[in-house]
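Coordinate-derived values only; no laboratory data. Since we're looking at a predicted model, the values are computed, not measured. Counting neighbours? That spans all protein chains shown, and the Cβs are built from the backbone with ideal geometry, glycine included.
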Amino acid sequence: MNKLMVLTAASLLCACASQEHKFLNDPDSYGLYVASVNFDQDAEVTVQNAQTGENAILKARHINNSVLAYASGSLTPGRYTLVSYVTSFGVTVPIGSTNGFFEVQAGCYNYGGAYDFETQADGTVSYSNTTRLKDIEQLPRTVREPAVGHDICDATMGKASERLAAADAASLLSL
């Protein structure tokens, strides 16, 4: 393997690790939000806490040449809305939806499922979201690994979050 491939792999692992750092070090104050997205390039997704108005960034990265990107970030508990994403070319794309919120719980691996973003005829971007907790098993190891030993929360768009205790998750999911 050449040096560039090793450095690229290392930087992807560091990017994933830095996204989960706050959650792993302070689970009483943060939850880890994870979702797969159909972006064809790496991106940064801006989300906004509905209670505080504070913006946060989810890093969406492709891992192991996957077609999908995996967005993740440590977030304080609360309800979040999708605001926009910035492509690796620096283009900011606003995101719109009628049910565009998800909830994050502290101390939880908040799984947002799979997003399918689509550009409309008028240039706006909409999306659909499907969430099956069983799909966590199919995530790349580095993305699903933080779920081990933690509660898992269903962070589906447009509905209240539901929590599954770590012991119950361990008996239902192969992580």
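Computed from backbone phi with θ = phi - 60° and the Karplus coefficients 6.51, -1.76 and 1.60, the 3J(HN,Hα) list for the stretch 125-135 is 10, 10, 7, 10, 9, 10, 9, 10, 4, 4, 5 Hz; x is used for glycine and proline.
For Ser84, the residues whose amide H sits under 5 Å from its own are Thr46, Ile95, ignoring neighbours fewer than 5 places away on the same chain, with H placed 1.01 Å from N.
In order along the stretch 103-120, the Karplus-derived 3J(HN,Hα) couplings, from 6.51 cos²θ - 1.76 cosθ + 1.60 at θ = phi - 60°, round to 10, 10, 10, 5, x, 10, 7, 8, 8, x, x, 10, 9, 10, 7, 9, 7, 7 Hz, and Gly and Pro are given as x. Computed from backbone phi, the HN-Hα couplings of the stretch 31-47 come to x, 9, 9, 9, 8, 9, 9, 8, 6, 8, 8, 5, 7, 10, 9, 8, 10 Hz, rounded to whole numbers (Karplus: 6.51 cos²θ - 1.76 cosθ + 1.60, θ = phi - 60°; Gly and Pro given as x). Among Val125, Val37, sorting on how many other beta-carbon atoms sit within 10 Å of each Cβ, with the fewest leading, yields Val125, Val37. Say each of His21 and Asp168 gets a label point 7 Å from the Cα, pointing the same way as Cα to Cβ; how far apart are those two points in nm? Spacing of the two 7 Å Cα→Cβ label points: 3.4 nm.
Convex hull over the Cα atoms of the chain, averaged projected area in nm²? It would help to have the intermediate numbers written out before the result.
Values: hull surface 41.9 nm².
So the mean shadow area of the Cα hull is 10.5 nm².
Counting only DSSP H runs of at least 4 residues, each contributing -39500 (n - 2.57), and dividing by the residue count of the chain, the helix-based mean residue ellipticity at 222 nm comes to -6000 deg cm²/dmol.
The H on the amide N of Glu54, modeled in the peptide plane, is under 5 Å from the matching H of Asn49, each at least 5 residues off or on a different chain.
Under the rule a/c < 1.5 gives rounded, and otherwise a/b versus b/c splits prolate from oblate, where does the stretch 103-172 land using the Cα gyration tensor? List each step's numbers first, then the result.
Numbers: a/c = 2.89, a/b = 1.99, b/c = 1.45.
Prolate is the answer for the stretch 103-172, as a/c is 1.5 or above and a/b outweighs b/c.
Between the amide H of Cys153 and those of Tyr109, Asn110, Tyr111, Leu164, distances stay under 5 Å, these residues lying 5 or more places away or on another chain, with hydrogens modeled in the peptide plane. With springs only between Cα atoms under 10 Å, which of Ala56, Ala160, Ala121 fluctuates most in a Gaussian network model of the chain? In this elastic network of the chain, the residue with the biggest mean-square fluctuation among Ala56, Ala160, Ala121 is Ala121.
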